[in-house]
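The values are calculated or read from the model by the stated rules, or taken from the named source; none is laboratory data. These numbers come from a predicted model, not from an experiment. As a convention, Cβ positions derive from the backbone with ideal geometry for all residues, glycine included, and neighbour counts pool all protein chains shown. Just the protein is used for accessible areas: all its heavy atoms, side chains included, with ligands, DNA and RNA removed. Shrake-Rupley method; radii C 1.70, N 1.55, O 1.52, S 1.80 Å.
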Amino acid sequence: MKSLRELFRIGYGPSSSHTMGPRRAAEKYLKRYPHARAFSVTLYGSLAATGKGHLTDAAIIETLGADRTTIVWRPEIVLPFHPNGMRFEVTDAAGGEVGEPTAWIVYSVGGGALVEEGQEQAPTPDVYELDSLADIKSWCEQRGMTYWEYVQEREGEAIWEYLEEVWQTMTAAVERGIEHEGVLPGELQLRRKAPDYYIRAMGYGANLQSRGLVFSYALAVSEENAGGGKIVTAPTCGASGVLPAVLYHIQKTRHFPLRRVLHALATAGIIGNVAKSRATISGAEAGCQAEVGVACAMAAGAANYIFGGSMATIEYAAEMGLEHHLGMTCDPVCGLVQIPCIERNAHAAARALDANVYATFADGIHRIPYDKTVEVMKQTGHDLPSLYRETSEGGLAAGYEH
């Protein structure tokens, strides 16, 4: 498995696969041909189907230059390797091909990560030799360690400085979002809800207030993401509100030391990394279960750790967080990361806290392991028709009138 630095990417929304990934691809291509007179970028499959709503074209044009970039939309063509395919090439000023072959095909595979045509994985080194939670759990138990200590063992002490930056970015996104009023960009003209939820929650008793605040924190980050704000992929932009909401709420109410919060982030990172390595975190490849479902698993495991859970209860909480999202489709209305994405983040954050409690009551005893649920998620995603995998052609997105 790769470093947690590749799972927790700091950047700007609204989509890790449709915005962050294409922007990174454009930056790489620009380094190859910095003096090109003109560029042509063809977007395929899901990138083309929902790219305008995800600001894919804006990210590429901003990087390569508006005066020399042409975007070609081909939603009807899905390249074999992945639904999020892109073809970059240098053209002359009139749009024709130049003499030398410059075409570069690359895929945005989720979480901001890229895979070039002909490669099986991004050319970055593996940091973790184990990629199943069962094997990691066994490794830790043999040494009297826990999940975050496995992270430290593999990544070194420097990972804590990076995770502190991740936490600061998450916290800032929550706090901006609960104060940021107004309308989100895009044709839906969706009004931000986080400030209202936050204020209303303060008027309730302790139990309802707690749930309302969790909702508001998840909405805050998700709305910041939808507005193109700075967030952390956890594991993606579209699911970026779940983990920050859970940990921010726990930190505000329980006042755990920063070190414990960072250990919780590392625990969540291992859970997300296993799903990314053994299956996918791309909505275009496996539906929303791969994004919000994995985010819920990460948040549930993190919450269970921070409240003193055992390795077994952490694993069970994570398993429930993913299992209860199996089959969830990715059907963004108008191709925007707004409806139903934002609301799903809020509900997944609440579900993560419930999974934490349930796993604790069960003492971690359960039949279906997390690794098995990851495998099922992958197969379920492959079985979903393409119109339910981030194309905005089916589900809630079909025939929607705003």
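Couple of notes before you dig in:
- Residue satisfying condition, being among the β-branched types (Val, Ile, Thr), within 25 Å of ILE136 (Cα to Cα) and touching a helix residue (DSSP H, G or I) at 6+ places or on another chain (Cβ under 8 Å), within set VAL357, VAL374, VAL337: VAL374
- Residues of region 293-312 that are over 17 Å from the mean Cα position of the chain (by Cα) and open to solvent by less than 10 Å² (accessible area, probe 1.4 Å): ALA303, ASN304, ILE306.
- Of the residues making up region 313-343, those that are under 19 Å from VAL183 (Cα atoms) and open to solvent by 30 Å² or more (accessible area, probe 1.4 Å) are CYS334, ILE339, GLU343.
- In region 268-294, the residues that are under 13 Å from LEU243 (Cβ atoms) form Cβ pairs under 7 Å with partners that are open to solvent by 10 Å² or more (accessible area, probe 1.4 Å) and assigned to a helix (DSSP H, G or I), at six or more places apart or across chains, as follows: VAL292/ARG344.
- Within region 221-255, being buried (at least 24 other Cβ atoms within 10 Å of the Cβ), in a helix (DSSP H, G or I) and among the β-branched types (Val, Ile, Thr) holds for VAL221, VAL242, VAL246.
- The criterion of being of a type in the set (A, V, I, L, M, F, W, C), surrounded by 24 or more Cβ atoms within 10 Å (Cβ to Cβ) and in contact with a His (Cβ under 8 Å, 6 or more places away or on another chain) holds for LEU47.
- Among the residues of region 1-30, those identified as hydroxyl-bearing (Ser, Thr, Tyr) and at pLDDT 95 or above are SER3, TYR29.
- When region 378-402 is filtered for residues that are of a type in the set (D, E, K, R) and either loosely packed, with under 13 Cβ neighbours inside 10 Å or closer than 19 Å to VAL337 by Cα (or both), the ones remaining, listed by number, are ASP383, ARG389, GLU390, GLU393, GLU401.
- Residue within region 256-275 that is buried (at least 24 other Cβ atoms within 10 Å of the Cβ) and touching a strand residue (DSSP E or B) at 6+ places or on another chain (Cβ under 7 Å) present: no
- Of the residues THR102, THR42, THR63, the single one that is touching an Asp or Glu at 6+ places or on another chain (Cβ under 9 Å) and surrounded by fewer than 18 Cβ atoms within 10 Å (Cβ to Cβ) is THR102.
- Selection within region 124-138 - without any contact (Cβ under 8 Å) to a residue 40 or more places away in the chain and in contact with a helix residue (DSSP H, G or I) (Cβ under 9 Å, 6 or more places away or on another chain): GLU129, ASP135
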